[in-house]
Amino acid sequence: MSDMPYPDALRVDAFDKVRGVQRYAADNARPGLAHAVLATATIARGTVRRIDAAAARAVPGVRLVLTHEELNGLKPPGFLMGGGYGFQSIQPITSPHIAYRGQPIALVVADNLEAAAEGARLIRADYAAEPHQVTLDAPEADIVAQADSPLPKPMFADVKAGEADAAYAAAAIRIEADFRHPPQHQNPIEMLSTVAEWRDGHLTVHEGTQNAEAIRHGLARQLGIEPERITVLSPSAGGGFGQKNSLQAHTVLAAEAARRLERPVKLVVTRAQIFHDSSFRPASRHRIRLGADTAGRMVALIHETDSQTSRHDLFPTQYTELSARLYGIAGFRGRERLVRTDVQTPGYMRAPYEHPAAFAVECCVDELAYRLGRDPVALRLANDTTADPITGQPYSSRYLAECLRRGAARFGWDRRSMEPGSMRAEDGSLMGWGVAIGAYKAATAAAIARLRLSADGAVTFSVGVHEMGQGIRTAIFAVLVRRLGVEPGRITLEIGSTGTTPQHLTAGSWGTATAIPAAEEVCDALLRALETLPSRLSLAERLRAAGRPYLEVEVSRRAPGQPEAVMGRLTSGLPAAMGPAYPGYVSFSHVAHFVEVRVEPSTRRIRVPRVVSVADCGRVISPRTAASQLRGGVIWGIGAALREVSEVDVRYGGFLNADLAEYVLPVHADIGTIDVEFVDAPDPRLNAAGVKGLGEVSMVGVAPAIANAVHHATGRRLRALPIRVEDLL
Amino acid sequence: MRPFTYARAGDEAAAIRAVSSGGRGTRFLAGGTTLYDLMKLGAEAPERLVDISALPGLASFDTAGPRELVFGAGARMSDVAADSRLVAEYPALSESLWKAASQQLRNMASLGGNLLQRTRCAYFRGGEPFACNKRTPGSGCAAREGIDRGHAVLGGSEACIATYPGDWAVALVAFDAVVDVAGPNGARTIPLQALHREPGTTPEVETSLARDEMILRIRVPATPLGRASTYHKIRDRESYAFALASAAVALWMEGDVVREARIALGGLATRPWRAQEAEAGLVGRPLTLEAARAAGEAALRNARPGHHNAFRIELGTRTVAEALLIAQRRA
C-alpha cells in the first residue's frame, strides 16, 4: 500500500476548531467546580522559613490552602529521564526547599477563581535565601561532563568516529567558531490546566497532554493508589511542543485538593507561572571545529557543548547525535557537558537538540563554502553520504540530496550571486539567500492498536497516540478510509485518553511512524478475520451475515529490534521508543530550507519574505496536515532565529519576560510565503507504511538558513540567537 | 483578585462626582485594556471603579473641522485609526493608532485611556521580588542595573527609567494637541506636552491630572503639516509589540525647503518626547539625507545609555531620519 500516495483531505477536526466546538480541560465549567491558584516563590534558591496562610484562609470563598506543611506526605513523581514520570524529580509544595524562583509554595482553592487568586496573593513566606546561579556563564558553575556522569551509557556517552582531532589538525581548511542559544519557552496556546475529580475512589483527570499514561502512573505513584483507579482524558491538547510530555507539577496538587474537598477542582497555571513551572529549552553554547580539504571534502568535525540543567536533575543532551550525521564526515568527536543552574529542570522543546546543533554546524558549513568559494548547495551535495558515519550502517532511506535539489530549483537558487551584499530588492533592501539542511531521528514506539467493527458499520479505533494539533486524527482517518472503505462519519477514534489502549508518550516525531503502521496492521487483521465470508458484501454486511454484532481485533507492535520486555514499559507509562539506530540500518528524516531575508537599509530590520522547504518524511499520509506541520516548523525556526529569548536577570533568577506580549513570538505580519514540498517516497524498511516523522525535522535548519542569508545580505556572521536589530546596526 | 466595586456612570458630572467623593481608591474605567491587566498583576488595586465607557457623546470624533480635529476621549482606537480623512490628511495620527497593540485591543481601548497607558517595564509589572519606585515609592529601581534593553534613554532619573509605551500620545505631541479635562473644580485645558511628567524623584506620579480629573476630549489644531507626516515605529516584530524606537514627524515643505517640521520620539523616553531642537535645525534648508541624519542626531543628543540599550540611541537616530524621508515623499 505504501506505493500509493495519499490524496489531500480536510483536517477532520478543522470545523470544530474554528467554531470553538473543540473543548479543552480549562473549558470545563461544571457546577460545583472549585478553582485553584498557585502562589509561587520570590527567591531563586533557599528555604521557606515560615509560611503564613492565615490571610488567604480568611478570604471569603476560600475552602482550602495547601502548603508544604500539609503536603509533606505526597511522594515525588520521579524524573522522566530517571525512570519516573515527572518533567523534574522534585514535587513543589512538599518541602520547604526552594530550588528556583517561581516554584509553587502554596495552592489556594476557592469557590471562584477571584477568591482563589486573592488568597494566593495573600500567602506570605519568610525565606532563608542561598546564593544562586542561573546562567552558563556563572562564575564557579558546576559543570558535569556527561560521559563521566551517572547518565546511562552508551546512550549518553560522547559520540566518536575516526580520529577527529588528528584530521582537524591536518586539515587544509579549518573553521572554528562559538555559538550561543538562549533559553526559550514552548508557549503552547493551551495553558497547563487540569480538572481533577474523584468519584467512588476513582480519580478522573482532564488535562491536555502528550503523555496520558505517564500522568496516570505518575499520579498513582504520588498518591499511593493503583493506576487502575485513575483515568486521564486528553482527547485533544492545544499544542504541546514537548512541554506537555510528562507529568506536570501542578496535576497532583489539583488531584489532592479535589480529594480533600470532595469536589472537582480546576487548576490553570497562569502564563507567567508556566515560564517557571514546566520545562523549557535550556541555554546552550557550542564550539565547532570543522576541517576540510581544498577540494571541499569535510574531513573532521568536533562539536563541544555546554547546556543548562537544573541543580536537582541532569537533563541530558544529545546534540552530537545529530551533528555527527548531517554529512559523511569520517572524523567526528562530540563532547557534551551540563551546567547546573538554579532553575526548574529544562526539557524537550521542539527539536530540542537538533535545532541548536544544526544552527552551529550549518553556519560553519556555510562559512566553509565561502572559504572555498564554492556554492553552498553544491558543497552540501558533495558531502552527502549513504552510510551512517557513526555506526557504518546504511540509512533505511536518505533523500537529503533530493530535498536540496528540489528546493534549489523551486527557490530559484541558480539566480543567486555568491558575493555578500551583492543582491538588492526592488525597495533598496539588502537581499540575502541562505540554505541549510536538517535531520531528525526517525524513531518508533511500541503500540497496541484495537479496532472494532459493529454490524451497523460503525468503526471504533484506538491506538497509543495523542492529538496535540499536529493532525494525527486526520492521518489515522486517511488510513482507515483507504484500508476499510468506511465513510469518515462512521469512524470513532479513541486516542489520548487512558482506559483504551496504552497511551504512550507522543513526542520525538514518532507519533505517525508508531500509530499508522499499527493502524494498517490492525485493519489487515480485521480483513483477514472476515476473509472467510463472501467478499462482494461490505464489511458490515459480512458481519451481519455471520450473525455477529461486532468484531474486535487487536495488534501489538514493537519497533524493529525492540525486545518483548518493552511492552511492560508501554503499559506502565514509561518511554518505550527507539531509534535512530535499528538492527541493520539507521533512520532519519531530512529537510532542506532555502530562505530569503531582506535587511532594511536604514534601521536594519530583518524580514523573511520567502522560504522554500522540502522534506523527506517517508510516505506522507495526510498531505494537508503535513504541509501545515512543515510550515509551522519553519515559523518556529523564524521565531527561534530572530525573536524568541527568555530573559534572565541573574540577580533574581527565573525568567523576566514571562508573558506573550514580551516573549516575542512571530506574528502573522512577520511571516511571508512558505512554500513546502515533500519527497513523499516511502521508507518500507522502517515500516510497511513507509512513514518517518515530520514534526520536529521541520524546524531543524531554519535558523542557520536565516543566519546564512543574513550573512549573504550583510557580510556579517552572527552566531548568537536571536539575531535582532541591534546586531546589524 | 482584590475585591472592588463597579458602577456605571450616567453622565460626566456624575462620573466625576463618584470618583471625587469615592476617595483615593476610586478610579475611572474606560476600555479596561490597561487597568484590568494591571489589576491582575497587582500593580493596580482600585477599590471602586467608575465605568465611563458608555457615557453619551464621549465616543464621538470629528476630523472635518476647519480649525481643529476633535476626538472624544471615549472613541475607540480602531474606529479613529480607520477614519478615512485622518488616513489621508494626518497619516501620522492614523498610523500611531494602527501600529499600537493588536486589533482586539484597539477595538476595546479608548483614546483617552490610551494616553494614560502605563509602562511595560517588567520590573514594574512583575511585582515581588523586584524593587520598583513606581510601584512602591522608595523601594529602588531594579531596572537600572538590570535588563534595560527596552528602557528609556531620554528623561530617566536615578529613581526610574521606565519607558512611556504609547504611540498615539507621541503623534499628538508632534501636532501640538491639547486635552480638555474636567474635575470637581471645573474644566481646564492642558497641552499634551504637559500631560505626562518625567519621573524625577516621584516616578509614581505619571501625569499632571488630578485623580478625579477626567479627559473629555483631545483637540488637534488643523495644520498644513498633516499630510506630509508619518509615525514610523521600529519594534521586535511587525505587529503587537512596543516600540524600540519610534518617531512621529510632520513636514511643511516649500519646494525642496523645509518651512516647518515636527519631530516627536516614542519608545525611547520616559514620556512622549518632542524634539524641538531637531525641528529647528531643519527649517529653511533642503531636506537631504544628511539633514535628516543630523536631525536624528540632534533629537537623541542628550540620550544616556544604560547597560543593554545603547543601540537604541543609534536606532532612534536612524528612525527619525527615515521618518523624515517618508514624510517628505508624502509632501
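Just so it is clear, none of the values below were taken in a lab; they were calculated from the coordinates. Note that the coordinates shown come from a computational prediction; the quantities given were computed from them, not determined experimentally. Neighbour counts run over all protein chains shown; Cβ positions are idealised from the backbone, glycine included.
In the stretch A:481-491, the count of residues that are out of contact with any Lys or Arg (no Cβ under 9 Å at 6 or more places or on another chain), surrounded by 16 or more Cβ atoms within 10 Å (Cβ to Cβ), in a strand (DSSP E or B) and not small (G, A, S) is one or more.
Scanning the stretch A:310-326 for residues that are of a type in the set (G, A, S) and closer than 16 Å to A:N383 by Cβ turns up at least one hit.
Counting only residues that are small (G, A, S) and touching a helix residue (DSSP H, G or I) at 6+ places or on another chain (Cβ under 9 Å), which one in the stretch B:223-241 is nearest to the other protein chains (Cβ to nearest Cβ)?
If we filter the stretch B:223-241 for residues that are small (G, A, S), which is where we start, we get B:226, B:228-229, B:239, B:241.
Among the residues that remain, those that are also touching a helix residue (DSSP H, G or I) at 6+ places or on another chain (Cβ under 9 Å) are: B:226, B:228-229, B:239.
Working: B:G226: 24, B:A228: 18, B:S229: 18, B:S239: 4 Å.
Filtering the stretch B:223-241 for residues that are small (G, A, S) and touching a helix residue (DSSP H, G or I) at 6+ places or on another chain (Cβ under 9 Å), the one nearest to the other protein chains (Cβ to nearest Cβ) comes out as B:S239.
Being in contact with a strand residue (DSSP E or B) (Cβ under 7 Å, 6 or more places away or on another chain) and within 14 Å of A:G86 (Cβ to Cβ) is the filter here; which residues of the stretch A:210-225 pass it?
Residues of the stretch A:210-225 in contact with a strand residue (DSSP E or B) (Cβ under 7 Å, 6 or more places away or on another chain): A:212, A:214-216, A:218-220.
Selection gives A:A214, A:I215, A:R216, A:G218, A:L219, A:A220.
Scan the stretch A:684-707 and give yes if some residue there is part of a helix (DSSP H, G or I), under 22 Å from the mean Cα position of the chain (by Cα) and within 14 Å of chain B (Cβ to nearest Cβ), otherwise no. Within the stretch A:684-707, none of the residues are part of a helix (DSSP H, G or I), under 22 Å from the mean Cα position of the chain (by Cα) and within 14 Å of chain B (Cβ to nearest Cβ). Just one of the numbered conditions (1) surrounded by fewer than 15 Cβ atoms within 10 Å (Cβ to Cβ); (2) out of contact with any Leu (no Cβ under 8 Å at 6 or more places or on another chain); (3) β-branched (V, I, T) is not true of A:V159: (1).
Go through the stretch A:245-262 and report how many residues are closer than 30 Å to A:E69 by Cβ and outside any helix (DSSP H, G or I).
If we filter the stretch A:245-262 for residues that are closer than 30 Å to A:E69 by Cβ, which is where we start, we get A:246-262.
Applying the additional criterion that residues be outside any helix (DSSP H, G or I) yields A:246-250, A:262.
Residues in the stretch A:245-262 being closer than 30 Å to A:E69 by Cβ and outside any helix (DSSP H, G or I): 6 in total.
The requirement of being in contact (Cβ under 8 Å) with a residue 12 or more places away in the chain and at the interface with chain B (Cβ under 9 Å from one of its Cβ atoms) is not satisfied by A:Y663. Filtering the stretch A:227-274 to residues that are surrounded by fewer than 24 Cβ atoms within 10 Å (Cβ to Cβ) and of a type in the set (F, W, Y) leaves nothing. When the residues of the stretch A:401-422 are narrowed to those that are free of Cβ contacts under 8 Å to residues at least 24 places away in the same chain and assigned to a helix (DSSP H, G or I), which ends up farthest from A:D616 (Cα to Cα)? Among those that are free of Cβ contacts under 8 Å to residues at least 24 places away in the same chain and assigned to a helix (DSSP H, G or I), it is A:R415.
In the stretch B:45-80, which residues are touching a residue at least 60 places away in the same chain (Cβ under 8 Å) and within 22 Å of B:S20 (Cα to Cα)? B:I52, B:L58, B:G72, B:A73 - these are the residues of the stretch B:45-80 that are touching a residue at least 60 places away in the same chain (Cβ under 8 Å) and within 22 Å of B:S20 (Cα to Cα).
Scanning the stretch A:349-394 for residues that are of a type in the set (S, T, Y) and surrounded by fewer than 19 Cβ atoms within 10 Å (Cβ to Cβ) yields A:T385, A:T386, A:T391.
Comparison of A:A120, A:A147, A:A138, A:A116 shows that the only residue that is assigned to a helix (DSSP H, G or I) and more than 11 Å from every other protein chain (Cβ to nearest Cβ) is A:A147.
State which residue is surrounded by the most Cβ atoms within 10 Å (Cβ to Cβ) when the search covers only the stretch A:666-683 and only residues that are more than 14 Å from every other protein chain (Cβ to nearest Cβ) and in a loop (DSSP other than H, G, I, E, B). Before you say what the answer is, go through the steps one by one.
Filtering the stretch A:666-683 for residues more than 14 Å from every other protein chain (Cβ to nearest Cβ) gives A:673-683.
Within this subset, residues satisfying the condition of being in a loop (DSSP other than H, G, I, E, B) are A:679-683.
Details: A:V679: 21, A:D680: 17, A:A681: 17, A:P682: 22, A:D683: 26.
Among them, the one singled out is A:D683.
Evaluation of B:P305 against the conditions (1) surrounded by fewer than 18 Cβ atoms within 10 Å (Cβ to Cβ); (2) under 24 Å from B:L97 (Cβ atoms); (3) within 14 Å of another protein chain (Cβ to nearest Cβ) shows that the sole unmet condition is (2).
A:Y663 meets each of the listed conditions (1) hydroxyl-bearing (S, T, Y); (2) assigned to a helix (DSSP H, G or I); (3) surrounded by 21 or more Cβ atoms within 10 Å (Cβ to Cβ) apart from (2).
Can you pull out the residues in the stretch A:374-400 that are farther than 22 Å from A:Y582 by Cβ and assigned to a helix (DSSP H, G or I)? Lay out the reasoning, then the answer.
Narrowing the stretch A:374-400 to residues farther than 22 Å from A:Y582 by Cβ: A:374-383.
Once the filter is applied, which keeps residues that are farther than 22 Å from A:Y582 by Cβ and assigned to a helix (DSSP H, G or I), the stretch A:374-400 yields A:P376, A:V377, A:A378, A:L379, A:R380, A:L381, A:A382.
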